[in-house]
Amino acid sequence: PSPPDVGTLLFDRRTQRGGADVVFEVGEEDNAEEIWAHSNVLAARSHVMEAMLSGDFQEARERRVRLRDVQAHHFRAFIELLYTGSIRVVREIHESMRWADGDFHVYVDCAAASRPSLEAMGNEFNEDEESVSVDFIADGPAGGAVFCVYDLDDANEIISRLYKESWFSGGWAAVIDAQFVVEVALLCDRYAQLSKNDWIVLQLRTALHEKEEPSLYRVMRRIWCMRGCASVDLLIDVCRTEFVSDIDERMNTWKWIVQFGDGQVGTAIRLELLRWAYDAMNDSLKKRISPTAAGGLEDATFRKEQAALADVISRHMRREIDDLSGA
């Protein structure tokens with residue numbers, strides 16, 4: 001294997017002995033985690049960080065930044081992205097086990113429990129059906145266990161048990177899915193420039209590709225109220241691209257669109273998804289061969305079915321518009 005680059009080496013030396021000179025207190029005050037970094041690296045990658053750490057601010061004087069509205073594992077991943085241009089945990093899951101091995105991946109860093117113990121935990125969730133598997137990333141900075149899970153409730157229960165039963169030795173656990181990637185992307189939007197980070201956009205596309213529709217809806221719900229910002233609009237465009245790319249399959253179960261969400265935000269998102277579906281169906285119809293051509297009877301049947309479906313979707317769109325107007 002090729003030797004690690006300078007950014008990776010510096011990221012792994014984020015201690016005071018390693019030259020780190022700024023500390024971030026991340027999380028609620030009673031349970032904040034300290035994350036060290038090199039101010040010169042952050043300043044080189046982020047104009048916001050440069051202004052914060054070099055201007056006449058309290059953070060610049062104290063070399064300490066307090067972030068109460070951020071989760072530590074999201075901020076740590078964001079810092080790694082600034083240092084190296086990628087996130088090893090996401091990259092390892094993507095490259096070695098593929099996102100397709102489960103809708104959700106629970107990554108366990110520095111687990112104190114043995115491999116058999118973690119495997120036993122996974123087996124407990126498989127008493128009724130095979131819904132959880134456990135894989136292990138190679139030893140090293142990104143080493144750890146990964147639970148591949150198809151149900152978000154199972155993923156959250158695994159994390160709850162890991163923390164409650166103190167299975168860690170200075171480590172952490174988190175669900176690595178499209179939502180995780182979005183949280184890192186939003187930190188990029190706050191402190192850096194997401195539009196210049198093709199890697200994080202690619203990971204969101206990969207995490208959403210061929211996933212169950214609720215994953216896409218959760219992402220949309222998280223970022224919807226921030227639309228209008230260039231970076232968030234970029235994330236919404238990723239959602240649209242992935243939604244439309246598998247439109248024929250999604251339309252087989254299209255009614256899921258009207259089953260999710262509540263309130264004005266849920267209604268607005270459903271309307272947007274219906275609009276994407278309607279536009280995609282019309283585009284599909286336009287690309288079909290004319291019924292007068294060879295094989296036209298089969299194609300005419302397809303066109304008739306698709307046109308009827310587009311009409312149903314259009315009616316749902318009008319209903320959602322009425323709901324928004326009357327809200």
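To keep it simple, each residue is scored yes or no on (1) open to solvent by less than 10 Å² (accessible area, probe 1.4 Å); (2) of a type in the set (A, V, I, L, M, F, W, C); (3) modelled with pLDDT under 70.
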{"site": "Glu210", "(1), (2), (3)": "no, no, yes"}
{"site": "Ile223", "(1), (2), (3)": "yes, yes, no"}
{"site": "Asp233", "(1), (2), (3)": "no, no, no"}
{"site": "Ile236", "(1), (2), (3)": "no, yes, no"}
{"site": "Asn252", "(1), (2), (3)": "no, no, yes"}
{"site": "Gly263", "(1), (2), (3)": "no, no, no"}
{"site": "Glu272", "(1), (2), (3)": "no, no, no"}
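Looking at segment 170-189, which of its residues are more than 10 Å from the chain's Cα centre (by Cα) and not in a helix (DSSP H, G or I)?
The answer is Gly170, Gly171, Trp172, Ala173, Ala174.
Only one of (1) buried (at least 19 other Cβ atoms within 10 Å of the Cβ); (2) under 24 Å from Arg221 (Cα atoms) is not met by Asp153, so which one is it?
(1)
What are the residues in segment 19-31 that are closer than 18 Å to Arg68 by Cβ and without any contact (Cβ under 8 Å) to a residue 40 or more places away in the chain, if any? Before you say what the answer is, go through the steps one by one.
Of all residues in segment 19-31, those closer than 18 Å to Arg68 by Cβ come to 22-31.
Correct list: Glu29, Asp30, Asn31.
Suppose we filter segment 28-40 for residues that are more than 21 Å from Arg61 (Cα to Cα) and either open to solvent by less than 50 Å² (accessible area, probe 1.4 Å) or basic (Lys, Arg) (or both); how many remain? Outline the logic, then answer.
Going residue by residue through segment 28-40, those that are more than 21 Å from Arg61 (Cα to Cα) are 28, 30-31.
Still in the list and also either open to solvent by less than 50 Å² (accessible area, probe 1.4 Å) or basic (Lys, Arg) (or both): none.
The total comes to 0.
Checking Arg13 against (1) free of Cβ contacts under 8 Å to residues at least 40 places away in the same chain; (2) out of contact with any Ser or Thr (no Cβ under 9 Å at 6 or more places or on another chain); (3) open to solvent by less than 60 Å² (accessible area, probe 1.4 Å), which test does it fail?
It is condition (3) that Arg13 fails.
Please find, among Ala142, Ala77, the residue that is within 23 Å of Gly27 (Cα to Cα), out of contact with any strand residue (DSSP E or B) (no Cβ under 7 Å at 6 or more places or on another chain) and at pLDDT below 70. Talk me through it step by step, then tell me what you get.
Working: Ala77 fails: at pLDDT below 70.
Matching residue, one of Ala142, Ala77: Ala142.
What residue, of Asp69, Asp12, is touching a Pro at 6+ places or on another chain (Cβ under 8 Å) and closer than 23 Å to Val181 by Cα? Before you say what the answer is, go through the steps one by one.
Details: Asp69 fails: touching a Pro at 6+ places or on another chain (Cβ under 8 Å).
Result of the check over Asp69, Asp12: Asp12.
Please go through segment 56-76 and pick out each residue that is touching a Ser or Thr at 6+ places or on another chain (Cβ under 8 Å) and touching a residue at least 24 places away in the same chain (Cβ under 8 Å).
Let us first name the residues in segment 56-76 that are touching a Ser or Thr at 6+ places or on another chain (Cβ under 8 Å), namely 60, 63.
Residue satisfying the conditions is Arg63 alone.
The values are calculated or read from the model by the stated rules, or taken from the named source; none is laboratory data. Small disclaimer: the values here were computed from a predicted structure and weren't measured. All Cβ positions, glycine included, derive from the backbone under ideal geometry; neighbour counts span all protein chains shown. Please note that ligands, DNA and RNA were not included when accessible areas were found on the heavy atoms of the full protein model with its side chains. Shrake-Rupley method; radii C 1.70, N 1.55, O 1.52, S 1.80 Å.
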